[in-house]
Amino acid sequence: MAQDMLLGNEEPSTSKETFLQQFCVLAKNATGEALLDVIKQVLDAPNVFVFGELLAEPNVAELKDGPDAKYYNTLNLFAYGTYKQFRAQQQDYIELTPAMQKKLQHLTIVSLAIKTKSIPYAVLLNELEIDNVRHLEDIIIEAIYADIIHGKLFQNTRILEVDYAQGRDIPPGYTGKIVETLQAWVNSCDGVSNCIDMQIKYANTEKAKRLYNKERIEQELINLKKVLKSQASDSDESMQIDTHGPGPSGSSGMSQQELRKKPSKMKNPRSGPGM
């Protein structure tokens, strides 16, 4: 046998409901021994794993307080109970055939799979009251091929990993618990949704701040460049003025070139009129 066994990849079958309906039709018009025989047949049937519709039949419900209450109790056990419950109070139920006992063990595996998707072999051995691992694996494989669970056996770690489990009948009065569970889930989803909305608002606010700061810094850089450019232009003009000196319109002095060309009008003091 392979170390890890992946089984039951097919889609769950819906034909089981058809099998149950056939027994419900038989039970509608049956009474006495005929009705008890129908109950035995449905408990033995390999393709029927839900029994709530049959339990709801009026003539079946009447068995609960009569001399054949064990038949009703056994049908009720297969609908909602486990193999361990049967072993603990066998006096309350009819004698089970080997096929019925194995079917109840399969249903017990389904109940465990509904509660957790990772089931240790130790839990299964205890709940099914089996002391042989190979026998346990055979029971699990049979349940998988019956299409009531899909999963993978890990023989090294001794764990059954469940991918799918068929639902069992809902006990009377259990609907309220389902509503509470669903409401708790809705409240949890609302809390997560509100938290996500707050995170989105915070992220948008931070994004807006960063964009504002980015635009402000870019504008400051633009203004700084303008100031630096203006200062550089003023400095260039000042240097040009210092180099060329005062312009012709605002100065009364003369350049050196003009002074050289200007003839001297001063008379020679040594030259007189008589010389």
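Average the reciprocal distances over every distinct pair of alpha-carbons in the range 139-245, invert the result, and give the Kirkwood radius in Å.
The Cα-based Kirkwood calculation yields 22.5 Å.
Can you give me the C-alpha center-to-center distance between the range 169-198 and the range 74-101, rounded to a whole angstrom?
Taking the Cα centre of the range 74-101 as reference, the centre of the range 169-198 is 33 Å away.
Out of the range 106-198, which chymotrypsin sites (Phe, Trp or Tyr not before Pro) are coil in DSSP terms and have no more than 11 other C-beta atoms within 10 Å?
Those that pass, being in a loop and sparsely packed, are Tyr174.
Taking a threshold of 18 Å on the Cα-Cα distance, which of the pairs Lys64/Lys103; Lys40/Lys115; Lys117/Lys177; Lys40/Lys103 fall above it?
Lys64/Lys103; Lys40/Lys115; Lys117/Lys177
Would you please report the Å³ per residue occupied by the convex hull of the alpha carbon atoms in the range 53-191?
Dividing the Cα hull volume of the range 53-191 by its residues yields 138 Å³.
Bear in mind that the values in this text are calculations on the coordinates, not laboratory data. All values reported here derive from a predicted model rather than from experimental measurement. Every residue, glycine as well, gets a Cβ built from its backbone with ideal geometry; the counts of neighbours run over all protein chains shown.
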